[in-house]
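S.K.: Just dropping this structure here.
Coordinate-derived values only; no laboratory data. These numbers come from a predicted model, not from an experiment. Cβ atoms come from the backbone with ideal geometry, glycine included; neighbour counts cover every protein chain shown.
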Amino acid sequence: MMKKTQIFLFDLIFAFVIFIVSMTLIYTYYIDVEENVNIYDLNVNIINGFTNTKLNNLNDQEIRDLFIQNKIRNIENTIAEQVVEFYEANKTTPVEAKYLTKIYVQDYIDKQMNFEFTLENETDILTTLYQYPEPPMDYKVSFENSTIATNTQRLIFGFKNQTYFYGPYILRVKIWM
């Protein structure tokens, strides 16, 4: 009778250990998947906000100053439209375009993330509007070597009047860890 009890007890302990190990493996798998989803959601929220938020909603004094100086023609433009308009006017990335991007994006950035916001024109010239960590600091890990990464992009067109439009420009947001 004692041997049956010992075998049953050993079998119970062994099953309990297997159960704990399997639950730990399942739990760690879902934690990793959840991090990926959160970074993807953050990326989508940033690019949606950038293409949908109007300059008037930012409530920033420097934006008002740019409007008064006639550098911003339409305060009802979205941030993306205005950045493309700045770029189209100068064919380089003006300080104003980088500043608008920084105003909007800096509240989203977590210090553990690497972040890059770029604008690409029709001739495939890539221009960095904002990145974290900011130069001259280097990224903690490259985009290609990261374990968690997401890349979202949108096409942006600008309009000068009823008949003339410019673009397309590609706005691209990369976030990685």
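S.K.: Which number do you get for Rg(Cα) / (2.2 N^0.38 Å) in the chain?
M.R.: 1.59
S.K.: With the contact rule set at Cα under 8 Å and sequence spacing of 6 or more, what percent relative contact order holds for the stretch 2-176?
M.R.: 21
S.K.: Work out how much length ASN57 to PHE10 would gain on full extension: take 0.36 nm times their residue separation and subtract the Cα-Cα distance, in nm to one decimal. Let's see the in-between values first.
M.R.: Values: separation 47, 0.36 × 47 = 16.92 nm, distance 6.67 nm.
Full-extension gain reported as 10.2 nm.
S.K.: Next up: Taking amide H positions as placed 1.01 Å from N in the peptide plane, with prolines and chain starts having none, which residues 5 or more places from ILE148, or on another chain, fall under 5 Å of its amide H?
M.R.: Counting only residues 5 or more places away or on other chains, the set is MET177.
S.K.: Given the peptides 151-161, 77-87, 20-30, arrange them by the average over their residues of other C-beta atoms within 10 Å, most packed first.
M.R.: On the way: 151-161: 13.9, 77-87: 22.3, 20-30: 9.7.
Put in order of decreasing packing, that is 77-87, 151-161, 20-30.
S.K.: For an R0 of 22 angstrom, estimate the FRET efficiency from the Cβ-Cβ distance between PHE159 and ILE68 and round to the nearest 0.05.
M.R.: 0.45
S.K.: A follow-up question, please. Show the residues, 5+ positions off or on another chain, whose built amide H is closer than 5 Å to the amide H of TYR130.
M.R.: PHE117
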